[in-house]
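These notes are about the structure you will find just below.
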Amino acid sequence: MKERLLKSGVTLFLVAVMVVAGVLSSHPVKSQAAAKGTTYQVVVQKGSPVVSLVSVNNGAPAPSTGQNDGLSFQMIVGTKLLTEKVKSTGATAQYYEVTIPQKSYKAPTQEFPNPAGGTTVRGSYIKKDAKGKLYVSGGDVDVSSVLSKKQTSKIGDGTADPAGSFLIQIESVSTLTDKSTGKFLMNAPSLSWYTTGKSYCVVKGSKSKLEGKAMPNDDTTKLLTTPLVGKPLDLEAGTGTLLVTTGFLNVKNKALGLLDSLTGQVWVMKITKL
C-alpha cells in the first residue's frame, strides 16, 4: 500500500569537495535507533554530479567537479503513517519516518594527487543514524541555506510538494590522509539537509572569498541545473533524486592550509526493496 501511494508522488582539488562514494553489502544493517520498517538498498547512479567552489588560504575560488555514482546506503521506512502541521503552508501533511543507519553508509577510499606533493587518500563516513521524513501528502521540502560561521537552513517555500517528497538531515565527515605516511590531513564536517525538492545555499557574513557566492547559481561548469530540483521517491519503481547544497569555511588542511568550499550535489538513486 505504501509503495502504491508513493508512486503517484523519489584541480583546485577534488579532495576538498564534500563528496563520498561507496559500496554496501546487500544484507540489512541493524540499528539501535531504527524502528520497525521496510528496508531498502539505495545505490547512486551515473549522472550524479558534485560541483564545488574551493578557496585555498583565501585565494580566488576555483571550480572542482566529480561524480557521486557508487555511493550506497540502506534506508528503513517506518510502518506507521504519521501526521504533522507544516509551518510553511499551515496545512497538515502525512509522512513515514525514515532512517539511514550509520553502519550502512560506507564509502571506499579514493586517491588524488596532492598539490603539495605525493598522494592523498580520501574517505568518508556519517557520524550517526540519519533521520528524515517521506511524505505521502502535504510535505514542503524545499531547502534554502545560508553558510556563515555555521550553516542555517529554512525548510519550505510555502507550496506543498508531490507525494514521495523526501527530506533528511545527514551529518557527514570527509577525511584526508597522506598515502605514504598515513598522516592525517583534514576532517571536513557537514550537517546538511538532503531533499527531493529545491536546494539552494549562499555564503553570507563571512570573510571568505566565497562571500556572496551561491549554489547552484555560481556553478560555471553548468553540471547543476538552476534552480536545482530533485525528483520524489517512487519506491515501487525504485527511483528518486536527492540534492544537497552545503559547504564549510576555514577548515584546516595540514598540507595546503585553510580551505573554504561551497558544494552542490545530485544523487540519482536506484532503490531496491530487501
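For the stretch 236-266, give me the residue count where each residue is modelled with pLDDT of 95 or more and surrounded by fewer than 22 Cβ atoms within 10 Å (Cβ to Cβ).
5
So, Lys209, is that one surrounded by fewer than 24 Cβ atoms within 10 Å (Cβ to Cβ) and assigned to a loop (DSSP other than H, G, I, E, B) or not?
Taking the combined requirement at face value, the residue satisfies it.
If I filter the stretch 138-162 down to residues being assigned to a loop (DSSP other than H, G, I, E, B) and among the small types (Gly, Ala, Ser), which single residue comes out as surrounded by the most Cβ atoms within 10 Å (Cβ to Cβ)?
Gly139
Quick one: what pairs do we get from the stretch 163-175, first residue over 11 Å from Ser192 (Cα atoms) and surrounded by fewer than 22 Cβ atoms within 10 Å (Cβ to Cβ), second of a type in the set (A, V, I, L, M) and at pLDDT 95 or above, C-beta under 9 Å, 6+ apart or different chains?
Taking only residues 6 or more apart or on different chains, the pairs are Ala163/Val136.
Any idea how many residues of the stretch 196-231 are over 15 Å from the mean Cα position of the chain (by Cα) and not basic (Lys, Arg)?
Of the residues in the stretch 196-231, 18 are over 15 Å from the mean Cα position of the chain (by Cα) and not basic (Lys, Arg).
If you check every pair at least six apart or on different chains, which have Cβ atoms under 6 Å apart with a residue in the stretch 179-195 that is within 22 Å of Lys128 (Cα to Cα) first and a residue that is hydroxyl-bearing (Ser, Thr, Tyr) second?
Phe184/Thr177; Asn187/Thr175; Ala188/Ser174; Ser190/Ser172; Ser190/Thr246; Ser192/Thr246; Trp193/Ser153
So which residues in the stretch 196-206 are under 17 Å from Val54 (Cα atoms) and part of a loop (DSSP other than H, G, I, E, B)?
Residues satisfying the conditions are Lys204, Ser206.
Of all residues in the stretch 163-195, how many are more than 19 Å from the chain's Cα centre (by Cα) and outside any strand (DSSP E or B)?
Summing the residues that are more than 19 Å from the chain's Cα centre (by Cα) and outside any strand (DSSP E or B) in the stretch 163-195 gives 6.
Hey, can you tell me all the residues within the stretch 221-235 that are surrounded by 15 or more Cβ atoms within 10 Å (Cβ to Cβ) and either on the phi > 0 side of the Ramachandran plot or basic (Lys, Arg) (or both)?
Listed by number, the list holds a single entry, Lys231.
Could you please tell me which pairs satisfy a Cβ distance under 8 Å, a separation of 6+ or placement on different chains, a first residue in the stretch 260-272 that is assigned to a strand (DSSP E or B), and a second residue that is of a type in the set (Phe, Trp, Tyr)?
Qualifying pairs under 8 Å: Asp260/Phe248; Ser261/Phe248; Trp267/Tyr194; Ile271/Tyr40; Thr272/Tyr40.
State whether one or more residues within the stretch 10-29 are modelled with pLDDT under 55, in contact with a Leu (Cβ under 9 Å, 6 or more places away or on another chain) and either of a type in the set (Lys, Arg) or within 20 Å of Ser165 (Cα to Cα) (or both).
Yes, that holds for at least one residue.
Mind listing whichever residues of the stretch 249-259 are assigned to a strand (DSSP E or B) and touching a Phe, Trp or Tyr at 6+ places or on another chain (Cβ under 8 Å)?
Leu259
With respect to the numbered conditions (1) of a type in the set (A, V, I, L, M); (2) part of a loop (DSSP other than H, G, I, E, B); (3) modelled with pLDDT of 75 or more, which one is the sole condition not fulfilled by Val54?
Evaluating Val54 over (1) of a type in the set (A, V, I, L, M); (2) part of a loop (DSSP other than H, G, I, E, B); (3) modelled with pLDDT of 75 or more leaves (2) as the failure.
The values are calculated or read from the model by the stated rules, or taken from the named source; none is laboratory data. Since the model is a prediction, treat every value here as computed from it, not as a measurement. Cβ coordinates were reconstructed from backbone atoms using ideal geometry, including for glycine residues, and neighbour counts include every protein chain displayed.
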